[in-house]
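Data first, discussion second: the structure below is written as structure tokens.
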Amino acid sequence: QVQLVESGGGLVQAGDSLRLSCAASEGALNRYWMAWFRQAPGKERQFVAVISRSGGNTYYSEFVKGRFTISRDNAENTVYLQMNSLKPEDAAVYFCAASFGYGSRPDDYNYWGQGTQVTVSS
């Protein structure tokens, strides 16, 4: 089992950058594929990016490709999401999640953090 805690969200202007972190307060993240999802009010939870256990493979949704970068530091038991060129439509609660295998659907993931709010003003 793993306990996930996200941080780094906040209010920024369009075009700005933010880096989200997801730390494991319990358990070792190197056992898991790690992903970021987001959920805006009234919308379904949406896949953003995923990274393999070693960090050697990453996959992104089309709407963040080229702007967001997922990475991990297994020694620090932390996963990151670097978000550049933020747009108002990127505003959402961002969640990190852990899975034993690759997946892009929320149902593929076994463990979730509580989320961190990202607000982007135009």
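Here are the numbers:
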quantity	calculated
Apportionment of accessible area to carbon and sulfur, the chain, percent (1.4 Å)	43
Heavy atoms of ASP73 accessible to a 1.4 Å probe, total area in Å² rounded to 10	60
Extent along principal axes [Cα atoms of the chain; Å; largest to smallest]	39, 27, 24
Solvent-accessible ranking of GLU89, GLU44, GLU6, largest area first, probe 1.4 Å	GLU44, GLU89, GLU6
Whole-Hz ³J(HN,Hα) from phi, Karplus 6.51 cos²θ - 1.76 cosθ + 1.60, for the range 18-26, glycine and proline x	9, 10, 8, 10, 9, 10, 9, 7, 8
Electrostatic dipole magnitude of the chain [Cβ: Lys, Arg +1; Asp, Glu -1; Cα centre; debye, to 20]	160
Accessible area per residue, Å², the chain with all protein chains present, probe 1.4 Å	50
Computed accessible area, SER85, all protein chains, 1.4 angstrom probe, square angstrom	60
In Hz, Karplus ³J(HN,Hα) per residue of the range 58-64 (6.51, -1.76, 1.60; θ = phi - 60°; x = Gly, Pro)	9, 9, 10, 6, 5, 7, 10
Low-density loop positions, trypsin sites (Lys or Arg not before Pro), the range 15-116 - DSSP coil, at most 15 other Cβ in 10 Å	LYS43, LYS65, ARG67
Largest-first ordering by accessible area, 1.4 Å probe, given options TRP112, TRP36	TRP112, TRP36
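The values are calculated or read from the model by the stated rules, or taken from the named source; none is laboratory data. Everything numeric in this text was worked out from a predicted model, so none of it was measured. Every residue, glycine among them, receives a Cβ derived from its backbone with ideal geometry; neighbour counts consider all protein chains shown. Side chains included, ligands, DNA and RNA excluded: accessible areas come from the protein's heavy atoms. Shrake-Rupley method; radii C 1.70, N 1.55, O 1.52, S 1.80 Å.
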